[in-house]
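The values are calculated or read from the model by the stated rules, or taken from the named source; none is laboratory data. The model shown is predicted, which means the values in this text are computed figures rather than measured ones. Here the Cβ is made from the backbone with ideal geometry for all residues, glycine too, and neighbour counts use every protein chain on show.
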Amino acid sequence: MKKNLIIIVAIFLFGTAGFGQVKIGYVDSQIILQQLPEAIKAQGDLDALTNKWSAHIDSLTIELQNDYTAYQKNAKKFKKKQLEKEQKKLVEKQKNIDNYKNVKFGQPNGEIYRRNDEIFGPVKKKVYNAIKDVAKSENMQFIFDKTGNAILLYGDPTYDVTYKVLDRLKTGK
């Protein structure tokens, strides 16, 4: 899909080159997100959630391991019904752990993905608006992100507007 978009943009650029000057810029969104205070806070909030959920999973796993150790230790003392009952408890605890992991981290519907959208949504919108403002003020028709799948093979630093976008975000101007 992205390759098709790049091909279409390239065709458009070369097709319109005869009619006027096309100005292109690029940003490094990774640098922006590493330096923008709102993005740093958002990442910290997301990391805190992830750590909280991971700690809960760890505690459930330790509890399961302790129960399993106790089960192994006492298995010879149990009668058949008690043995089956204890095995079912262990299986049920493992299912609960797996379910919790899936609810919190499962793709694509895990809570982490929804929370990521909630937490980073306003940041992404702010960054996009700053990019759009810089593009307009610099008379650029296109701005690529050299981070990710845009496949920017070469970029003249003259057209790198990363720090202009960061300035716009930080100063609001």
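For the reader, a short list of remarks on this structure follows.
- Whichever residue in the stretch 62-81 is loosely packed, with under 14 Cβ neighbours inside 10 Å, of a type outside the set (A, V, I, L, M) and in contact with a helix residue (DSSP H, G or I) (Cβ under 9 Å, 6 or more places away or on another chain) and, among such residues, is nearest to residue 100 (Cα to Cα): 63
- Some residue of the stretch 141-158 being more than 27 Å from residue 53 (Cβ to Cβ) and in contact with a Gly (Cβ under 7 Å, 6 or more places away or on another chain): yes
- Test: residue in the stretch 136-150 that is over 30 Å from residue 26 (Cα atoms), under 17 Å from the mean Cα position of the chain (by Cα) and surrounded by 15 or more Cβ atoms within 10 Å (Cβ to Cβ): no
- Some residue of the stretch 107-124 being under 30 Å from residue 67 (Cβ atoms) and hydrophobic (A, V, I, L, M, F, W, C): yes
- Residue in the stretch 86-108 that is under 27 Å from residue 38 (Cα atoms), out of contact with any helix residue (DSSP H, G or I) (no Cβ under 6 Å at 6 or more places or on another chain) and among the polar types (S, T, N, Q) present: yes
- If you go through the stretch 82-108 and pick out every residue that is at pLDDT 95 or above and loosely packed, with under 12 Cβ neighbours inside 10 Å, you end up with 5.
- Only residues that are touching a residue at least 24 places away in the same chain (Cβ under 8 Å) and assigned to a loop (DSSP other than H, G, I, E, B) were counted in the stretch 104-131, giving 0.
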